[in-house]
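J.: Quick one: the structure is below, questions incoming.
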Amino acid sequence: MKVHRKRQENGRVLGFGLLLVGGVLLSGGPAIASNVIDDCGQSCEDDCASDPDCREASAGKCVLEADVSCDGTEGTIQLVSGNDLDLQGYDIGCTETSPAVCNYYAITMNDAGSTVTSDGSADDGESEITGRFFGGVNCGTESNSKVENLTFFDDIIAIASCKTVTNNVIGGTEQTLLGGNIGIFTLGVSNADAFNANYISGRITPILSQGTTDLSLLRNVIHTDAADQAVWLGQGQTAFDGLVKWNVFFGTGADSSAVIFDLPATDDVTYEGNLCDENHPDCADCISAGRCEPFTSPFVGN
């Protein structure tokens, strides 16, 4: 923005449309829209016009500058036109108590290219999305969508339909839908989707893919005592391609039906260096199938 400065007979131009006259600050032009998200139901856009629930992105992003509390009457925070959201170490929480819910995702992407992240620069350095939301972040199968550096608890689906999911902590929840809850869910965005370096615990299905696009799972740590599958790839599909490498599976499974990998009859997945808990009922079969390896030092199985 170019700021014109000129002499004033009774005052001094400060720039950005502000004029200092006799010690009083006057507005000489339109207000500059804030890029600070401070409530659920707001949007981050390039041009807000006169929408009071819109926040105007600065350098392609909006930010949090304080914790945000939401209730069931509000709605999702929307990212429009590929703008990003940086939580900056602050939290987003649903304040409803059971049986009430915030029946929406805390954050939703409406266009390609958005990232939801936290640089950890404020508060305690960790950004959490918690409380009885339906979900944490929904990327809407938008291309080049990314969720990173966040912590999730209490929702039914923590992260949905994103191309890249990395360096997140997904904790437990008491909420279920049709008897289940999910850590990371995808319908498949594009080839080379990647879920890497995430920690997931306390979910009935930690990772669920219903798509056919190539998916890589690298360096995730999954801890589950659920009776279902730890990783379900290609649910409802006849085939699936992907790379599953250097993941660690803790947990014993709630009963003998628990499996580590659930895949279509035909799969072209490359497995390498995946470690499974020897007490898990499916660990021996996973090793025999060439999908898992036993714990070795520094991981000790007894």
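The values are calculated or read from the model by the stated rules, or taken from the named source; none is laboratory data. For clarity, every value in this text was computed on a predicted model and none was experimentally measured. In this analysis, Cβ positions are derived from the backbone assuming ideal geometry, glycine residues included, and neighbour counts consider all displayed protein chains.
J.: Please verify whether residue 174 is part of a loop (DSSP other than H, G, I, E, B), crowded, with 19+ Cβ neighbours inside 10 Å and out of contact with any His (no Cβ under 6 Å at 6 or more places or on another chain), treating the condition exactly as stated.
T.: Numbers: part of a loop (DSSP other than H, G, I, E, B): yes; crowded, with 19+ Cβ neighbours inside 10 Å: no; out of contact with any His (no Cβ under 6 Å at 6 or more places or on another chain): yes.
Answer is no for this residue.
J.: Which one of 238, 224, 252 is of a type outside the set (Asp, Glu) and surrounded by 23 or more Cβ atoms within 10 Å (Cβ to Cβ)? Step through it out loud before you land on a result.
T.: Values: 238 fails: surrounded by 23 or more Cβ atoms within 10 Å (Cβ to Cβ); 252 fails: surrounded by 23 or more Cβ atoms within 10 Å (Cβ to Cβ).
Every option except 224 fails the conditions.
J.: Restricting to region 40-64, what's the tally of residues that are assigned to a loop (DSSP other than H, G, I, E, B) and buried (at least 16 other Cβ atoms within 10 Å of the Cβ)?
T.: First, the residues of region 40-64 that are assigned to a loop (DSSP other than H, G, I, E, B): 40-42, 46-53, 57, 59-60, 64.
Okay, now just the ones that are also buried (at least 16 other Cβ atoms within 10 Å of the Cβ), so 40, 42, 48, 57, 64.
Looking only at that region, the number is 5.
J.: State which residue pairs qualify: first residue without any contact (Cβ under 8 Å) to a residue 60 or more places away in the chain and at negative phi and inside region 256-270, second residue among the basic types (Lys, Arg) and surrounded by fewer than 19 Cβ atoms within 10 Å (Cβ to Cβ) in any location, beta carbons under 9 Å apart, and separation of 6 or more residues or different chains.
T.: From region 256-270, the pairs are 270/245.
J.: Sort through 72, 89 and tell me the only one that's without any contact (Cβ under 8 Å) to a residue 40 or more places away in the chain, at positive phi and not in a strand (DSSP E or B).
T.: Details: 72 fails: at positive phi.
Exactly one of 72, 89 is without any contact (Cβ under 8 Å) to a residue 40 or more places away in the chain, at positive phi and not in a strand (DSSP E or B), namely 89.
J.: Specify which of the listed residues (131, 171) is within 17 Å of residue 197 (Cα to Cα), more than 10 Å from the chain's Cα centre (by Cα) and not basic (Lys, Arg).
T.: Values: 131 fails: within 17 Å of residue 197 (Cα to Cα).
Of the residues listed, the single one that is within 17 Å of residue 197 (Cα to Cα), more than 10 Å from the chain's Cα centre (by Cα) and not basic (Lys, Arg) is 171.
J.: Separate question: Tell me, which strands (runs of 3 or more DSSP E) lie completely within region 245-300 with 1 or more residues that are among the hydroxyl-bearing types (Ser, Thr, Tyr)?
T.: Details: elements: 248-250, 259-262, 266-272.
In region 245-300, 266-272 are the strands (runs of 3 or more DSSP E) which contain 1 or more residues that are among the hydroxyl-bearing types (Ser, Thr, Tyr).
J.: Does residue 90 meet the test of being buried (at least 16 other Cβ atoms within 10 Å of the Cβ) and more than 13 Å from the chain's Cα centre (by Cα)?
T.: Values: buried (at least 16 other Cβ atoms within 10 Å of the Cβ): yes; more than 13 Å from the chain's Cα centre (by Cα): yes.
Yes: the conditions hold for residue 90.
J.: Does residue 214 qualify as being closer than 28 Å to residue 46 by Cβ, modelled with pLDDT under 95 and surrounded by 17 or more Cβ atoms within 10 Å (Cβ to Cβ)? It would help to see each step written out before you state the result.
T.: Working: closer than 28 Å to residue 46 by Cβ: no; modelled with pLDDT under 95: yes; surrounded by 17 or more Cβ atoms within 10 Å (Cβ to Cβ): yes.
It is false that residue 214 is closer than 28 Å to residue 46 by Cβ, modelled with pLDDT under 95 and surrounded by 17 or more Cβ atoms within 10 Å (Cβ to Cβ).
J.: Could you list all residues from region 98-139 that are outside any strand (DSSP E or B), crowded, with 20+ Cβ neighbours inside 10 Å and hydrophobic (A, V, I, L, M, F, W, C)?
T.: Just the residues of region 98-139 that are outside any strand (DSSP E or B), to begin with: 98-101, 110-114, 118-127, 131-132, 139.
Restricting the remaining residues to those that are crowded, with 20+ Cβ neighbours inside 10 Å gives 114, 118, 127, 131-132, 139.
Answer for region 98-139, where residues must be outside any strand (DSSP E or B), crowded, with 20+ Cβ neighbours inside 10 Å and hydrophobic (A, V, I, L, M, F, W, C): just 139.
J.: Could you please find all residues in region 261-274 being buried (at least 17 other Cβ atoms within 10 Å of the Cβ), modelled with pLDDT under 95 and under 21 Å from residue 227 (Cβ atoms)?
T.: 261, 263
J.: To continue, here is another question. Any residue in region 282-295 that is touching a residue at least 12 places away in the same chain (Cβ under 8 Å) sitting within a Cβ distance under 7 Å of a residue that is among the aliphatic types (A, V, I, L, M) and in a loop (DSSP other than H, G, I, E, B)? List the pairs, counting only those 6 or more apart or interchain.
T.: Close Cβ pairs (under 7 Å, with a partner that is among the aliphatic types (A, V, I, L, M) and in a loop (DSSP other than H, G, I, E, B)) amount to 282/258.
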